[in-house]
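The values are calculated or read from the model by the stated rules, or taken from the named source; none is laboratory data. All values derive from a computational prediction rather than experimental measurement. Note that each Cβ is placed from the backbone with ideal geometry, even for glycine, and that neighbours are counted across all protein chains shown.
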Amino acid sequence: MKLRLVEIFLLSFCIAFVILIFLSVNPINADYLITFSQTGIDLDFDGIVVIIDGTPYSKSALPISFCWSTSSIHNFSFQSSLIVEPNLKRYIWNSTTGMSALQSDSITVSTWGSVVGNYKTQFFLHVASPYATSSGQGWHYNGSAVYAILNTDTESHGNGTQRVFTSWGGNASGTDYSQSDPITMDGPKTAIASWKTQYYLKLTTGSGGIVDPSSSNWYDTGTIVSVTATPDTYHLFDHWELDSIDVGSDNPYNVTMDTAHTLHAVFVQEMSTLTITTTPGGTTDPSPSEHAYPVGINVTVTAIPDEHYVLDHWELDSVDVGSANPYTIFLNSNHTLHAVFTLTNYTLTINVAADGITNPTAGVYTYTAETNVFVLAVADTDYDLDRWLLDGSNAGDANPIYILIDGDHELKPVFVYAPPPTPPPSLIVGGSTASISYSLVHAWIILNVVLVTAIIMATSWKKGRKNGRA
């Protein structure tokens, strides 16, 4: 009887062990309710808020609940940012509460619960300024106090014009360029920087007097500036030059600041005359004409040859005085200065490597500027002229070639022999391989457990029969 109880116990243990192994491989599932929802998003947005297991859900679809099995794994991702109107209003993910604290996460179901995406509202601040570098523009949380900022209150354009900040407008206020008055972001806002235009008046004088005001300065557009010239002893005020243009001798002179200006006061002593003339082929600075200068000063004249011309010599009062350029004259009386220009000479270098000759033959030739030169190429037997190289660049295959002598040039003919055609290369292609992999363990474990249990039960049965016969 005692043996029977042991056998029954042993059999029950084996069955329980098999059941335990089976449940470890295939656990009994329970279902739990998981709810997804959001906070902070108003009715003006009904786009995608969250993606759950690859399926997108809009704001109107939330809250939404799922009945998921225990130990099942599910993915979610709260979207951000949620644009209501571009550059005006949006919602930003702020936090996640419930079964996760992450914006995107994977959860393993073990109990019921919720996942809540919490959003905050942001409004866009536009900072508009045609000058300087602005900051503060961008998205800001609802109710926050922000500022429009410029990095400078003066923007120079490098041409005698500058812009000066005056005040903030639009949804902003204040006169401090570095920080506007606080802007409360209870909706989309725009801060507009206002600027005024100023122009620079540069005041200069020649020797022999002063002007009042004595220094250059910036003035608001439209300002009328009165400038007075006062000559030194033994000098006379001659005229004003506004932006290098003679504007007369009114004294004082009123300058209207409608752009940047340079006002120059010209004072003079006793005057002498310098008459400048030229031959064809160039000009001078000062220009060829009659010029008046104070007696006792040095005047420098620069010859400016036209293209392909050179200064040959100066003639001062009909006397050859050489070719120094510029030329300086001491004005102790009236003088005439004459600039004589001539055409320059250039070289044409003809190079022939092989397989032909040229006419003119290879060599270095000198020609007067603007001369037209024709060069003929004569190829050797079985060779043809392929192209000309003029100063190293392809100049075509015209034969003869026409060369305009407008500078130093190098000309070279290129002769070629035509080679036989080359057959096209063949194309070789290849293949590919693939691999297969596999795995399986749970069925093997269960099969071994069943076999061990069967062996134990058969052994116990045989011992029972043997004891019964005894």
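The set of residues in region 249-273 being in a strand (DSSP E or B), modelled with pLDDT of 95 or more and of a type outside the set (Val, Ile, Thr) consists of Tyr253, Asn254, His261, Leu263, His264, Ala265. Annotation note: Cβ proximity below 8 Å between a residue of region 382-396 that is surrounded by 11 or more Cβ atoms within 10 Å (Cβ to Cβ) and a residue that is among the polar types (S, T, N, Q) (sequence gap 6+ or interchain) occurs for Leu385/Asn399; Arg387/Asn394; Trp388/Asn394.
Looking at Ser287, Ser333, Ser323, which is the one that is in contact (Cβ under 8 Å) with a residue 40 or more places away in the chain and either part of a strand (DSSP E or B) or out of contact with any Gly (no Cβ under 6 Å at 6 or more places or on another chain) (or both)? Just a single option satisfies the conditions, and that option is Ser333. Here Ala362 fulfils each of the conditions (1) at pLDDT 95 or above; (2) more than 49 Å from the chain's Cα centre (by Cα) apart from (1). In region 299-340, the residue that is modelled with the lowest pLDDT out of those that are more than 25 Å from Gln269 (Cα to Cα) and among the aromatic types (Phe, Trp, Tyr) is Tyr309.
Of everything in region 219-246 that is exposed (fewer than 14 other Cβ atoms within 10 Å of the Cβ), more than 14 Å from Glu270 (Cα to Cα) and touching a residue at least 24 places away in the same chain (Cβ under 8 Å), the residue that is farthest from the chain's Cα centre (by Cα) is Thr228.
Selection over region 194-212 of residues that are closer than 30 Å to Thr175 by Cα and either of a type outside the set (Phe, Trp, Tyr) or surrounded by fewer than 17 Cβ atoms within 10 Å (Cβ to Cβ) (or both) gives a count of 6. Would you check which residues across region 247-266 are farther than 13 Å from Pro213 by Cα, hydrophobic (A, V, I, L, M, F, W, C) and touching a residue at least 24 places away in the same chain (Cβ under 8 Å) and list them? Residues satisfying the conditions are Met257, Ala260, Val266. Among all residues of region 435-442, there is none that is at pLDDT 70 or above and either in the same structural domain as Glu307 (by TED's automatic domain parsing) or hydrophobic (A, V, I, L, M, F, W, C) (or both). Taking the stated definitions as given, is Leu348 free of Cβ contacts under 8 Å to residues at least 60 places away in the same chain and either assigned to a strand (DSSP E or B) or surrounded by 12 or more Cβ atoms within 10 Å (Cβ to Cβ) (or both)? Against the criterion (free of Cβ contacts under 8 Å to residues at least 60 places away in the same chain and either assigned to a strand (DSSP E or B) or surrounded by 12 or more Cβ atoms within 10 Å (Cβ to Cβ) (or both)), Leu348 does not qualify. Just need a number here: residues in region 87-101 that are closer than 16 Å to Ile51 by Cα and either outside the structural domain of Ile41 (by TED's automatic domain parsing) or of a type in the set (Val, Ile, Thr) (or both). Residues that pass the stated criteria total 2. Among the residues of region 196-248, the ones that are under 18 Å from Asn159 (Cβ atoms), charged (D, E, K, R) and assigned to a loop (DSSP other than H, G, I, E, B) come to 1 in all. Filter region 311-339 down to residues that are of a type in the set (Val, Ile, Thr) and surrounded by fewer than 18 Cβ atoms within 10 Å (Cβ to Cβ) and give me whichever is farthest from the chain's Cα centre (by Cα). This residue is Val319.
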